[in-house]
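Colleague: The structure follows.
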Amino acid sequence: MRWGIAGHGDVVSRRVLPALRAAGQEPVFLWGRDAGRAAAAARRWGVAESGSDPRGLLAGLDAVYVATPVDRHVPLAALALDAGLPVLVEKPLAGSLRPGGSALATGRACAGVAYYRRLAPVVRELRRALRGWSPERVEVRFRSAFEPGPGHPMRWRTERAVAGGGVLADAGSHRLDLLLMLFGRPAGIRARLGRRFPGGAERAATVELEWDTGLRAHCSAEWGDGPPEDLLALHSGGRSLTLDPLDSGELLVREPDGVRRVRCPPDANPHLPLVADFVAAVAAGRPPVCPVAEAVEVDDVLVAAERSDALGGAQVRPWPP
């Protein structure tokens, strides 16, 4: 398929373009709000055409990948879908911005969101290990250094109105997506968001999720100076399943009779299985691994977290009972 790509940031150069080409796809148009920067990026990456007119994403193309700042995700995806083109969008779909992405899930062309960890071999192994066993408690912990100054290309992530949130929308959305994929919609959420940048995006977030089954999840996400951390752990009845770090490709299983490690090497480029799944979904007329409707549920949790924080951490329901 011939692809148009909206955006020319780091994720495009490191992951999206290599994944498209490795999957036998042809990136032919690069869109950016600044025509000069888009043209320079297109020359650097060997993309034939570029421009700042979004209509360039539609002419003579078969699919669109949207990898812009978050505030442009939904408008550009809607433009592609209205033209009958399949579209794959970076995460989060809209974050806590409104209007959100629910209007995209209306049965038009194939539309997916890049929650690529769903396809990680170790996550597939985790799902197998969960068969016949229900955890009572989940821990999610994330910490990474991130303090971009003025002029930094990632500075937009500190602007809530552009990024759809802060660390919870940026890094936390991947982890929230895994929890929703594994356990379904939570019934209640409590959240505190703090240490905000001048642009409103939070540097630190703690979120408590509760399910009607009794499952509880404690999630913390932080852009800060402490040691890097990225853990997902599930516990119940003397058994635990742990991914530490999340992308290590190793599942640690602790049981009363011992400990074992299950090695599931990760893909060198996690966007490659994502793109391959999307191409196959378009060809088969099936949903991609993360359809828009499921990505909207992650956004609903992010919106609920903002509401809870505004209420001093009170519990809120992301969806009507």
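Colleague: Gly313 passes all but one of (1) within 25 Å of Leu97 (Cβ to Cβ); (2) assigned to a helix (DSSP H, G or I); (3) open to solvent by less than 60 Å² (accessible area, probe 1.4 Å); which number fails?
Modeller: Only one criterion is unmet by Gly313, namely (2).
Colleague: So, one more: How do the pairs read when you match residues in segment 198-223 that are free of Cβ contacts under 8 Å to residues at least 12 places away in the same chain with residues anywhere that are polar (S, T, N, Q), using Cβ under 7 Å and keeping only pairs 6 or more apart or on different chains?
Modeller: So the pair list comes out empty.
For (1) closer than 23 Å to Asn269 by Cα; (2) open to solvent by 10 Å² or more (accessible area, probe 1.4 Å); (3) touching a helix residue (DSSP H, G or I) at 6+ places or on another chain (Cβ under 7 Å), each residue gets a yes or a no:
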{"position": "Ile5", "(1), (2), (3)": "yes, no, yes"}
{"position": "Val11", "(1), (2), (3)": "yes, yes, no"}
{"position": "Ala22", "(1), (2), (3)": "yes, yes, yes"}
{"position": "Leu30", "(1), (2), (3)": "yes, no, yes"}
{"position": "Ala40", "(1), (2), (3)": "no, yes, no"}
{"position": "Trp45", "(1), (2), (3)": "yes, yes, yes"}
{"position": "Gly51", "(1), (2), (3)": "no, yes, yes"}
{"position": "Pro54", "(1), (2), (3)": "no, yes, yes"}
{"position": "Pro69", "(1), (2), (3)": "yes, yes, yes"}
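Colleague: Then there is this: From the set of residues in segment 58-67 that are out of contact with any Pro (no Cβ under 8 Å at 6 or more places or on another chain) and more than 26 Å from Ser96 (Cα to Cα), which is most open to solvent (accessible area, probe 1.4 Å)?
Modeller: Restricting to residues being out of contact with any Pro (no Cβ under 8 Å at 6 or more places or on another chain) and more than 26 Å from Ser96 (Cα to Cα), the top hit is Ala59.
Colleague: Right, here's the next one. Test each condition in (1) surrounded by fewer than 19 Cβ atoms within 10 Å (Cβ to Cβ); (2) in contact with a Phe, Trp or Tyr (Cβ under 8 Å, 6 or more places away or on another chain) for Gly226 and report the one that comes out false.
Modeller: (2)
Colleague: How many residues does segment 85-113 hold that are more than 17 Å from Gly165 (Cα to Cα) and of a type in the set (Ser, Thr, Tyr)?
Modeller: 2
Colleague: Taking into account only those residues within segment 252-296 that are of a type in the set (Gly, Ala, Ser) and more than 14 Å from the chain's Cα centre (by Cα), which is most open to solvent (accessible area, probe 1.4 Å)?
Modeller: Here the answer is Ala268.
Listed here are the residues, each with its yes/no results for (1) surrounded by 14 or more Cβ atoms within 10 Å (Cβ to Cβ); (2) in a strand (DSSP E or B); (3) among the β-branched types (Val, Ile, Thr); (4) in contact with a strand residue (DSSP E or B) (Cβ under 6 Å, 6 or more places away or on another chain).
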| position | (1), (2), (3), (4) |
| --- | --- |
| Gly194 | no, yes, no, yes |
| Thr213 | no, no, yes, no |
| Cys219 | yes, yes, no, yes |
| Ala233 | yes, yes, no, yes |
| Leu241 | yes, yes, no, yes |
| Leu246 | yes, no, no, yes |
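Colleague: For the structure I just gave you, tell me whether Gly258 is free of Cβ contacts under 8 Å to residues at least 12 places away in the same chain and either hydrophobic (A, V, I, L, M, F, W, C) or farther than 22 Å from Ser102 by Cβ (or both).
Modeller: It is true that Gly258 is free of Cβ contacts under 8 Å to residues at least 12 places away in the same chain and either hydrophobic (A, V, I, L, M, F, W, C) or farther than 22 Å from Ser102 by Cβ (or both).
Colleague: Any residue at all in segment 102-112 that's basic (Lys, Arg) and farther than 24 Å from Ser173 by Cα?
Modeller: Checked segment 102-112: at least one residue is basic (Lys, Arg) and farther than 24 Å from Ser173 by Cα.
Colleague: Okay, next question. Among the listed residues Gly36, Gly84, Gly32, identify the single one that is without any contact (Cβ under 8 Å) to a residue 60 or more places away in the chain, among the small types (Gly, Ala, Ser) and at positive phi.
Modeller: Being without any contact (Cβ under 8 Å) to a residue 60 or more places away in the chain, among the small types (Gly, Ala, Ser) and at positive phi holds for just one of Gly36, Gly84, Gly32, which is Gly84.
Colleague: Next up: In the list Arg155, Arg137, Arg124, Arg108, which residue meets the criterion of being at pLDDT 95 or above, under 24 Å from Leu20 (Cα atoms) and among the charged types (D, E, K, R)?
Modeller: Every option except Arg124 fails the conditions.
The values are calculated or read from the model by the stated rules, or taken from the named source; none is laboratory data. Note that the coordinates shown come from a computational prediction; the quantities given were computed from them, not determined experimentally. Cβ sites come from the backbone with ideal geometry, for glycine too, and all protein chains shown count toward neighbours. SASA here: full protein model, heavy atoms, side chains in, ligands and nucleic acids out. Shrake-Rupley method; radii C 1.70, N 1.55, O 1.52, S 1.80 Å.
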